[in-house]
Amino acid sequence: MKTLIFVTAALALAACTQPLEITQPTATAGVVETIDRSRITSYRTTEIRTFVSQDGDLVEVGNKSCTIRSDEVVGQVITPVRVDLPGFVQSGAFPERGRPGPLQVRCEGNGFSGAETVFAEDKQVSTATNAGVAGAILTTVVTATVASATPWRFPLAINVTLRPE
């Protein structure tokens, strides 16, 4: 019985692969020249990693060249990497409340390529349903105020699956 448990545990651990170590310094994405800099409120670090399918499993591969591009952001990195991406002010003063355009990450290398498109995280307004009308109105006002003060941010991780070219 102990042998069975040990073998099962060993197989489970063998199936898990550790992420590749990020050894390079954190990169900072550039901002397109035509973007109003008052839209940028802060930066947040995002990890970009590349994967290939191997025997039905996704396996991380490194040293792939990636281009980062949106209407607002540009950059060029080598995976795996941490990138500081700008957060954008959420305000009715800007079109679409300041939401940045989709961010596309295109990666390639060694006969493989792939792309992933991500969107800035949306902030949602919620209401309290058991607090009566006054409670619902107050909750809506408070959460709307918090949401409008929270910047639009891209995800903390972007994984790009590569396929043979």
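Listed values, structure above:
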| quantity | calculated |
| --- | --- |
| Peptides ranked, highest mean first, by Cβ atoms within 10 Å: ranges 99-105, 156-162 | 99-105, 156-162 |
| Neighbourhood net charge (14 Å Cβ-Cβ; Lys/Arg +1, Asp/Glu -1) for Gly62 | -1 |
| Least to most buried among Arg82, Arg163, Arg37, Arg49 (fewest other Cβ within 10 Å first) | Arg37, Arg163, Arg82, Arg49 |
| At 0.890 mPa s and 25 °C, Stokes D of the range 17-84 from Kirkwood alpha-carbon radius, µm² per second | 181 µm²/s |
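Values in this text are rule-based calculations from the coordinates and carry no lab data. Since this is a predicted model, take the numbers as computed values, not measurements. Note: ideal-geometry Cβ built from the backbone for every residue, glycine included; neighbour counts use all protein chains shown.
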